[in-house]
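Visitor: Following this message is one structure expressed as C-alpha cells.
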Amino acid sequence: MSTVIEHVMAAPSRYVQGRDVIQKLGSRLQELGSAPLLVADDVVWDIVEEQVTAGLEETGLPVVREGFGRFATAEVVDSLAEKIREGEHDVIAGIGGGSTIDAVKAAGHLAGVSWASVPTAASSDAPTSALSVIYTDEGEFVEYRFFPKNPDLVLIDTGLVARAPERFLVGGIGDALATWVEARAVAKTRGKTMVGDAPTHAGGALAELSWKILWENSLPALDAVRAQKVTPALEAVVEANTLLSGLGFESGGLAAAHAIHNGMTAAPQTHGLTHGEKVNIGTLTQLIMEGADAREIEDFIAFTTEVGLPNTLTEIGLTQEDTDEVRAIAEAATVEGETIHNMPFPVTPGLVEEALASLEIISRRVRDQRGLPEPEFYQAPH
C-alpha cells in the first residue's frame, strides 16, 4: 500500500497590518461574531483600552475583557474556554504577547468559536499559526497543540509596535531569522512541517523572503522603534517577523533551532529571556551542527550582535563550566518527536552539546575580529 505525501500550505483567513489599525478591531471582529471576549493582561489593556473600546462601541459590540497572567498553561486555556461558554461568546481575541495569543487560540478551539490574534509587538511569528505552545506555571515547555485551522484574523498595529520596548522587536527578529535556516534544512529531507507531511515551495520561498527583508531592514527598523516612529523599514520587519516568518515556519518546517529553544527551558539560568533571544542561540547552534559555510556563520554572529541578540552562552546566563546544564538542554532538545529530527542527518544529544559548547569561542573570536563588543553575562530574574 503506497503512502500519500501531502504538501500543505496554512495561513490565517485575514491579515491586517498598519498604523492605527487597532481602531478598526471592532469592525473586523464584527465580521466574525457579535459577542467577542477580549483577553489582555493589565499592562496591555492600559495601552489599548481607549482605542479598542471606541472601536467596538462604534460597531455596537459589547466590551468584555478577561485578564491574563504570564504563560499559556493548560489550566489557563481550560479556564478561558469555560468563560467563552459561560458568556456565550462567539469569538475570542488575544491582545498582547505570544502566550496570550497562544492561550486564546487553544481556548477558542476547545470552545468551538472563531479566534483572532492581535499582537501589540512584532515579537514572534506565533500570531498567524494554527498551533499553540503550552508551558508550565514556571515557563517550562510542555507541548505543542495543533488546530485544524489558523486564526480567523491577525491584526497588528505598527504604531503600537513602534512604541513597544525595543527588546520585543529584537526578539521577533531572532525568531524570524531562524525560519529560513530551519526551512532549508527540512527541504533537504522533505521532513514533516507543522501542518503536513512535507513542506511547500511557497513556505520555503516566504521563509527566504523573510530572511532577506530582515538583513536589509532590521537595523533601520530598530532605529525607528527608538524614535517611536513608523517607517517603511519598520513596516517591512513587522511583516517579516509576523506574517512571512509565520507562514514560512508553519509550511516550511522547523528543525534544530526551535528544538534547542525548547531544550533551554530546562535550564533555569535562561528564564526571562525572550522567545527570540533563545531561538537565536538555537539558530547559531544549528548552523554549527550542519557545518554551514564559515563566512555565513561569522556574518550571522556579527549581524545578530549588532541587532542585540545573544550568540554566546554568557548572554543566556551560562558558562563553559556549566556542563550539566548544557547537557540537559541537549537532551531535552533531542527527545523523541522534537523538530530537531527534521535535520538532514541524525542528531544526538552529544552533537548538540558539542555545538553549544563551541558557541563561546567562535562568537568571541568573530566579535573581536570585527570590533564588536564582548558579551555581557545574563542573570535571570528571581
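The values are calculated or read from the model by the stated rules, or taken from the named source; none is laboratory data. Computed from a predicted model, the values in this text were never measured in an experiment. Positions of Cβ are backbone-derived with ideal geometry, glycine not excepted, and every protein chain shown enters the neighbour counts.
Visitor: Of everything in segment 1-20 that's surrounded by fewer than 19 Cβ atoms within 10 Å (Cβ to Cβ), at pLDDT 95 or above and touching a strand residue (DSSP E or B) at 6+ places or on another chain (Cβ under 6 Å), which residue is nearest to Lys105 (Cα to Cα)?
Guide: By that ranking, first place goes to Arg14.
Visitor: Could you run through segment 192-214 and say how many residues are modelled with pLDDT of 85 or more and of a type in the set (Lys, Arg)?
Guide: 1
Visitor: With Gly204, Gly159, Gly172 as the choices, which residue is of a type in the set (Gly, Ala, Ser), surrounded by 20 or more Cβ atoms within 10 Å (Cβ to Cβ) and more than 15 Å from the chain's Cα centre (by Cα)?
Guide: Result of the check over Gly204, Gly159, Gly172: Gly204.
Let's see how each residue does on (1) at pLDDT below 95; (2) at positive phi; (3) assigned by TED's automatic domain parsing to the domain that holds Glu306:
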{"position": "Glu336", "(1), (2), (3)": "yes, no, yes"}
{"position": "Thr339", "(1), (2), (3)": "yes, no, yes"}
{"position": "Val347", "(1), (2), (3)": "no, no, yes"}
{"position": "Glu353", "(1), (2), (3)": "no, no, yes"}
{"position": "Ile362", "(1), (2), (3)": "no, no, yes"}
{"position": "Glu374", "(1), (2), (3)": "no, no, no"}
{"position": "Phe377", "(1), (2), (3)": "no, no, no"}
{"position": "His382", "(1), (2), (3)": "yes, no, no"}
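Visitor: Just checking, does segment 137-146 include any residue being within 18 Å of the chain's Cα centre (by Cα), under 17 Å from Ala81 (Cα atoms) and part of a loop (DSSP other than H, G, I, E, B)?
Guide: Among the residues of segment 137-146, not one is within 18 Å of the chain's Cα centre (by Cα), under 17 Å from Ala81 (Cα atoms) and part of a loop (DSSP other than H, G, I, E, B), which makes the answer no.
Quick grid of which residues meet (1) crowded, with 24+ Cβ neighbours inside 10 Å; (2) under 16 Å from Val133 (Cβ atoms):
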{"residue": "Ser34", "(1), (2)": "no, no"}
{"residue": "Leu37", "(1), (2)": "yes, no"}
{"residue": "Asp46", "(1), (2)": "no, no"}
{"residue": "Glu49", "(1), (2)": "no, no"}
{"residue": "Val63", "(1), (2)": "no, no"}
{"residue": "Ala72", "(1), (2)": "yes, yes"}
{"residue": "Glu75", "(1), (2)": "no, yes"}
{"residue": "Trp115", "(1), (2)": "yes, yes"}
{"residue": "Val118", "(1), (2)": "yes, no"}
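Visitor: Sticking with this structure for a sec: Please identify the pairs in which a residue from segment 334-361 that is within 16 Å of Ala178 (Cβ to Cβ) has its Cβ atom under 9 Å from the Cβ atom of a residue that is surrounded by fewer than 16 Cβ atoms within 10 Å (Cβ to Cβ), counting only partners at least 6 apart or on another chain.
Guide: Pairs that qualify, where the first residue is within 16 Å of Ala178 (Cβ to Cβ) and the partner is surrounded by fewer than 16 Cβ atoms within 10 Å (Cβ to Cβ), are Met343/Lys188.
Conditions (1) under 22 Å from Pro12 (Cβ atoms); (2) β-branched (Val, Ile, Thr), marked per residue:
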residue	(1), (2)
Val39	yes, yes
Val52	yes, yes
Leu61	yes, no
Thr73	no, yes
Asp102	yes, no
Ala107	yes, no
Ser124	yes, no
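Visitor: Quick check on segment 262-311: of everything there that is assigned to a loop (DSSP other than H, G, I, E, B), among the polar types (S, T, N, Q) and modelled with pLDDT under 95, which residue is nearest to the chain's Cα centre (by Cα)?
Guide: Here the residue is Thr274.
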